[in-house]
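These notes are about the structure you will find just below.
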Amino acid sequence: MSAQAHVETLRWEGQCPGYVSMVEQTLLPGQHVQLEVRTVPEMVNAIYRLAVRGAPAIGVAAAFGVLLGVQDQGALNREEFQKHTLLVCDELATARPTAVNLFWALNRMRQRLALDFEQGLDVAGLIAGLFEEAHEIFTSDRATCRRMGEIGAELIADGQSLLTHCNAGALATAGMGTALAPMYVAAEQGKQLHVYADETRPLLQGARITAWELMQAGIPVTLITDSMAARVMQEGKVDAVFVGSDRIAANGDVCNKIGTYGVALSAQAHGIPFYVVAPLSTIDPSLSDGSKIPIEERPAAEITEGLGRLTAPAGVDTYNPAFDVTPARLVTGLITEVGLLTAPDAASIQSALTRA
């Protein structure tokens with residue numbers, strides 16, 4: 001498999017003015033459609049309804065969203081432009097609450113604005129600076145994905161069978177992915193591997209996206225329902241688990257798609273390594289532990305009307321948290337762009353952040 005085999009999730013088209021082109025992920029696998037996003041409300045909507053999803057990709061989308069909101073504001077004076085840009089950032093921050101990369105990217109854009117404003121740049125210069133910053137977030141994410149893939153591939157032996165939950169591949173980032181990146185690199189190295197992909201209820205990101213993405217890349221994949229993961233482990237068919245993350249607390253607790261915690265418990269029970277692959281931008285050092293991570297609750301219809309078809313009694317009560325938290329004690333290793341953190345804890349995470 002070549003390094004270009006993975007799908008390109010999103011990109012900026014043109015200079016200033018320009019727009020964002022992204023894969024409309026809600027239509028996969030039935031249709032592979034490019035969505036054009038040209039306004040801030042359109043970007044907020046795309047993030048909220050999961051047209052673009054995955055923490056790193058959401059961060060890049062947010063940075064590009066700032067550009068959409070400011071690129072045509074050259075007639076404002078400096079003070080008006082500064083105020084407008086901050087309001088754009090605030091609007092984008094409402095899209096989803098859990099993925100910390102969203103807020104990390106918006107903070108980078110705010111900081112770049114503040115720095116350039118203090119240096120006395122005119123509005124054209126401020127726009128140019130934000131354009132540069134957003135594209136740096138994009139290119140650095142691609143490089144980070146590649147580096148994590150190289151580090152993680154060292155943990156994969158030829159002939160192994162792996163399990164993953166939700167989608168943490170190219171379609172969750174601007175590059176080759178987080179949890180799937182080690183698989184892509186291992187395949188490039190000539191290693192034979194097989195992947196079990198959990199379907200990931202209720203929106204089936206594993207079935208609709210991960211299975212499709214791995215098939216596009218030529219990596220053998222077997223789709224299973226979420227409730228089958230423990231059975232597959234019990235049968236000795238899984239050598240290691242690789243998942244991504246939407247937010248990691250300072251002590252190493254990992255927030256990821258709902259169902260990840262159960263996978264981690266099963267992996268521990270069967271003596272299977274459980275690896276989390278995530279860039280340092282996913283770590284939120286302001287939160288001491290996973291109990292402080294805000295968990296997004298999604299609409300009831302995602303459970304009761306799966307893929308638009310009524311699958312439960314009308315009016316039934318539902319509970320639909322989009323994420324859960326896996327305690328650090330269940331994490332064999334956290335793979336970041338600065339290396340593998342074995343049994344991550346507060347000290348090792350702080351050390352990694354200082355090396356960034």
| task | Output the residue which, of all residues in the stretch 231-256 that are basic (K, R) and in contact (Cβ under 8 Å) with a residue 60 or more places away in the chain, is surrounded by the most Cβ atoms within 10 Å (Cβ to Cβ). | result | R247
| task | Can you confirm whether the stretch 276-287 contains a residue that is farther than 24 Å from A57 by Cα, at pLDDT 95 or above and not small (G, A, S)? | result | no
| Any idea which of (1) over 18 Å from the mean Cα position of the chain (by Cα); (2) assigned to a helix (DSSP H, G or I); (3) closer than 21 Å to S227 by Cα is the one I349 doesn't satisfy? | (3)
| Breaking point among (1) out of contact with any Asp or Glu (no Cβ under 6 Å at 6 or more places or on another chain); (2) outside any loop (DSSP other than H, G, I, E, B), for G236 | (2)
| request: Specify the residue that is nearest to I293 (Cα to Cα); the eligible residues are those in the stretch 314-346 that are among the charged types (D, E, K, R) and either in contact with a helix residue (DSSP H, G or I) (Cβ under 8 Å, 6 or more places away or on another chain) or modelled with pLDDT under 95 (or both). | output: D324
| said: Cβ contacts < 6 Å: first residue assigned by TED's automatic domain parsing to the domain that holds L106 and under 9 Å from T39 (Cα atoms), restricted to the stretch 65-76; second residue among the acidic types (D, E) and surrounded by 15 or more Cβ atoms within 10 Å (Cβ to Cβ), any location; separation 6+ or different chain. Result? | reply: none
| said: Only one of L130, L180, L106 is aliphatic (A, V, I, L, M) and farther than 30 Å from G206 by Cα. Can you tell me which? | reply: L130
| How do the pairs read when you match residues in the stretch 200-224 that are under 30 Å from E297 (Cα atoms) with residues anywhere that are among the aromatic types (F, W, Y) and crowded, with 24+ Cβ neighbours inside 10 Å, using Cβ under 6 Å and keeping only pairs 6 or more apart or on different chains? | none
| field | Test for V263: is it assigned to a loop (DSSP other than H, G, I, E, B) and either assigned by TED's automatic domain parsing to the domain that holds G333 or closer than 17 Å to H194 by Cα (or both) | value | no
| note | For the stretch 311-326, pairs from a residue that is in the same structural domain as Y275 (by TED's automatic domain parsing) and farther than 16 Å from R96 by Cβ to a residue that is hydroxyl-bearing (S, T, Y) and assigned to a loop (DSSP other than H, G, I, E, B), with Cβ under 8 Å and 6 or more apart or across chains, are A312/T318
| request: Collect the residues in the stretch 109-136 that are in a helix (DSSP H, G or I) and among the small types (G, A, S), keeping them in residue-number order. | output: A114, A124, G125, A128, G129, A134
| note | The condition of being touching a Pro at 6+ places or on another chain (Cβ under 6 Å), over 19 Å from A55 (Cα atoms) and at pLDDT 95 or above holds, among I295, I303, only for I303
| note | Going through the stretch 266-294 in order, the residues found to be assigned to a loop (DSSP other than H, G, I, E, B), hydrophobic (A, V, I, L, M, F, W, C) and farther than 19 Å from N167 by Cβ are I272, L287, I293
| request: Could you check T164 against (1) outside the structural domain of L28 (by TED's automatic domain parsing); (2) surrounded by fewer than 24 Cβ atoms within 10 Å (Cβ to Cβ) and say which number it fails? | output: (2)
| Within the stretch 88-125, which residues are without any contact (Cβ under 8 Å) to a residue 24 or more places away in the chain and surrounded by fewer than 12 Cβ atoms within 10 Å (Cβ to Cβ)? | D90, Q111, E118, Q119, G120
| Positions within the stretch 126-137 being crowded, with 19+ Cβ neighbours inside 10 Å and within 25 Å of the chain's Cα centre (by Cα), in sequence order | L130, F131, E133, A134, I137
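The values are calculated or read from the model by the stated rules, or taken from the named source; none is laboratory data. None of these values were measured; they are calculated from a predicted model. Positions of Cβ are backbone-derived with ideal geometry, glycine not excepted, and every protein chain shown enters the neighbour counts.
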